[in-house]
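Please treat every number below as a calculation from the coordinates, not as lab data. Note that the structure is predicted; figures quoted are calculated from it, not measured. Here the Cβ positions follow ideal geometry from the backbone for every residue, glycine too, while neighbour counts run over all protein chains shown.
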Protein chains: 2
Amino acid sequence: MFDIDISELSQRSGVKASALRFYEEKGLIVSTGRRGLKRLFAPETAERLSLIALGRACGFTLDEIADLLDGPDIDRARLRAQIAQLDRRIEQLTRMREGLRHAADCKVPILTDCPRFRRIVKAAGHHRRRRRAEPV
Amino acid sequence: MFDIDISELSQRSGVKASALRFYEEKGLIVSTGRRGLKRLFAPETAERLSLIALGRACGFTLDEIADLLDGPDIDRARLRAQIAQLDRRIEQLTRMREGLRHAADCKVPILTDCPRFRRIVKAAGHHRRRRRAEPV
DNA sequence: CTGCATGTTCAAGCGCACTTGAGGTCAAGC
DNA sequence: GCTTGACCTCAAGTGCGCTTGAACATGCAG
């Protein structure tokens, strides 16, 4: 296939052109050259963008994704570390969901009086926070 | 119990004083008054802060938490809506974790050639993004 | 040759959840 | 009375992931 321009890549990938330029600046994607001023991209860049989207959806930062993707293939060791992170995150969210579920159905009139809920709330308080993530 | 000052509340809750002022400005917590310039808080405010921490840990924004908490008790209907959101999020993360897990163990030398992985990646691409969340 | 759509650069802005810093105030202890 | 230190206000800054805007350039159609 021939190289495509930024709006084509944008349409294929669902990523805005401004974001594509931003990604290129960050080194997450590369353009193969220019026609005049205009960037050209290899069509496979769209797949790389899906990969990036996957990482973003998992809550990874662009820098983390860049680490995973730099090199000829995905860095499996790093990937495993990220999966471990994701595991912990899912576990935490699941625990809290159970707590919230109980809370929503709890018969105690004033929820903050429910002892089970109070336990969950306390547990949440004693947890370290991590990164910010998940775009709009 | 008597009202406590901001540093006391900060220690009890693990939330920095600057954040407490910020939360008050946002209406998430209230101070009961002042001694001189210094804010005073009811000791129960610490529990409210745990509640806020719980919401944050679930990935809710401060505004969403404010909605849940405004009123004499937690708004159960809103809570159920937030739980549904959380459900979807957990489901999505879980699906992606399975994909990543497979990826990490996949025998195909160039991971991006693995058909199973490619399916997962594609699925992630066609997903709408939501909010940013999860502090440092 | 001209017009215009579609690109380009670079700097600044945004949303969220805070943090930091400068400069001020006040209660208590010496 | 004076210093100290904890607290105050208000404005500005931070980090992430982009978006927006102004000013400019280029390829192609008519």
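Sequence gap at least 6, Cα distance under 8 Å: using those rules, report the relative contact order of chain B to the nearest whole percent.
Values: 97 pairs, mean separation 24.8, N = 136.
That works out to 18 percent.
Under a Cβ-Cβ cut-off of 12 Å, what is the net charge of the residues other than A:S10 that fall near it, where Lys and Arg count +1 and Asp and Glu count -1? Numbers along the way, then the final one.
Details: positive: A:R12, A:K16, A:R21, A:R39; negative: A:D5, A:E8.
Charge balance near A:S10 sits at +2.
Consider all pairwise Cα distances in the protein assembly as shown and report the whole-number % of them above 32 Å. Present the calculation step by step, with values, prior to reporting the outcome.
On the way: 14127 of 36856 pairs.
The answer is 38 percent, as a whole percent.
Annotation for B:T61, label-to-label distances across the other copies: 2.2 nm (shortest first, one decimal, point 7 Å from Cα along Cα→Cβ). Considering all C-alpha pairs of chain B, those separated by over 27 Å amount to 43%.
Between copies, B:E25 shows label-point distances of 2.8 nm, shortest first, with the point placed 7 angstrom from Cα along Cα to C-beta. Taking amide hydrogens as placed 1.01 Å from N in the peptide plane, the amide H of A:I29 sits under 5 Å from those of A:E24, each at least 5 positions away in sequence or on another chain. Here is how far apart the A:D113 label points are across copies: 6.6 nm, shortest first, using a point 7 Å from Cα toward Cβ.
For Cα pairs less than 8 Å apart in space and 6+ apart in sequence, what is the mean separation divided by the residue count of the range A:32-97, i.e. the relative contact order in percent?
Reported as a whole number, the value is 14 percent.
Placing R0 at 22 angstrom, the Cβ-Cβ distance between B:D73 and A:R119 gives a FRET efficiency of 0.75 after rounding to 0.05.
At a threshold of 8 angstrom on Cα-Cα distance, excluding pairs fewer than six apart, so keeping six or more, what relative contact order does the range A:4-63 reach in percent? Display every interim value, and only then the final one.
On the way: 53 pairs, mean separation 20.1, N = 60.
Across the range A:4-63, relative contact order equals 33 percent.
Exceedance of the 25 Å cut-off in Cα-Cα distance is limited, within the set A:K107/B:K26; A:K38/B:K122; A:K26/B:K122; A:K122/B:K16, to A:K107/B:K26; A:K38/B:K122.
Counting Lys and Arg as +1 and Asp and Glu as -1, what is the net charge of the other residues whose Cβ lies under 10 Å from the Cβ of B:L28? Spelling it out: positives minus negatives among the neighbours equals -2.
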